[in-house]
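What follows is a short report on a single structure.
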């Protein structure tokens, strides 16, 4: 199963994404992540979650090829609803979520880690939101939780990426480690959280969400409205078709 969820040890649940070749998630994959987070929330034995991925990169965002293969607006509607559900479920998960990021983390991947509680990254990890190049908008809400405002705008307009090391300097990433030590580093932090009184940790998660200066769910939904406009105007289809053609040539 491409998204798996299981108890790892001592109250730490692990959710793994595995969609070769680049972990670009189809519509069902986003909803599967949401379901895994919801399961963690209602499971009293779960004290922390580690969100990780197999393969070359953590997440390449939405599966554009799937989107373009579906009739009408079925693809974009499904992807937008799926991403919204996954990001929201991570943010509202009743226990802390530790994201373990390897390789590339793009588009929807930034949405996943931006709503996580702790981020641990491999030395080769890079983060970016190439939505402008794909004729869409979104995940600026989550990128804004990782970088300062003017850097956010530069990255968003240009589709540039940023290294894990730079995010470590901003304090957005808790640790940067060698790829072979990524899981170990993520579980180390999750274990520290899981060792605390779970009643206090769940209260702390709710309290921290309650004092957030931005409503991330509503903010992201606002962004999605512009994505729908670009789709209705036909702009998004042009950009996505161009991306698929360029991918086939490379």
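Quick notes
- Counted residues, region 207-216 - those being surrounded by 12 or more Cβ atoms within 10 Å (Cβ to Cβ) and in contact (Cβ under 8 Å) with a residue 60 or more places away in the chain: 2
- Residue that is within 29 Å of residue 158 (Cα to Cα) and in contact with a strand residue (DSSP E or B) (Cβ under 6 Å, 6 or more places away or on another chain), where the choices are 25, 77, 106, 70: 106
- Test: residue in region 126-147 that is assigned to a loop (DSSP other than H, G, I, E, B), over 17 Å from the mean Cα position of the chain (by Cα) and farther than 26 Å from residue 235 by Cβ: no
- Spans of strands (runs of 3 or more DSSP E) in region 25-108 with at least 1 residues within 16 Å of the chain's Cα centre (by Cα), surrounded by 24 or more Cβ atoms within 10 Å (Cβ to Cβ) and at pLDDT below 95: none
- Inter-residue pairs, beta-carbon under 9 Å, first free of Cβ contacts under 8 Å to residues at least 60 places away in the same chain and in region 230-250, second exposed (fewer than 12 other Cβ atoms within 10 Å of the Cβ) and assigned to a helix (DSSP H, G or I), 6+ apart: none
- Looking at region 189-250, the helices (runs of 4 or more DSSP H) lying wholly inside it that each contain 3 or more residues that are modelled with pLDDT under 95 and farther than 30 Å from residue 10 by Cβ sit at 216-232, 235-249.
- Hey, residue 5 farther than 25 Å from residue 161 by Cα, in contact with a strand residue (DSSP E or B) (Cβ under 6 Å, 6 or more places away or on another chain) and at pLDDT 95 or above or not: yes
- Selection count where residues are under 25 Å from residue 169 (Cβ atoms) and free of Cβ contacts under 8 Å to residues at least 40 places away in the same chain, scope region 68-113: 1
Condition check ((1) touching a helix residue (DSSP H, G or I) at 6+ places or on another chain (Cβ under 7 Å); (2) within 22 Å of residue 51 (Cβ to Cβ); (3) surrounded by fewer than 16 Cβ atoms within 10 Å (Cβ to Cβ)) across all residues:
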| site | (1), (2), (3) |
| --- | --- |
| 189 | no, yes, no |
| 195 | no, yes, yes |
| 202 | no, yes, no |
| 205 | no, yes, no |
| 218 | no, no, yes |
| 226 | no, no, yes |
| 234 | no, no, yes |
| 238 | no, no, yes |
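- Residue satisfying all of: in region 148-179; in contact with a strand residue (DSSP E or B) (Cβ under 8 Å, 6 or more places away or on another chain) and in a loop (DSSP other than H, G, I, E, B); surrounded by the fewest Cβ atoms within 10 Å (Cβ to Cβ) among these: 178
- Filter result for residue 225 (on the phi > 0 side of the Ramachandran plot and without any contact (Cβ under 8 Å) to a residue 12 or more places away in the chain): no
The values are calculated or read from the model by the stated rules, or taken from the named source; none is laboratory data. Keep in mind it's a predicted model, so treat the numbers as computed, not measured. For neighbour counting, all protein chains shown are included, and Cβ atoms are generated from backbone atoms with ideal geometry for every residue, glycine included.
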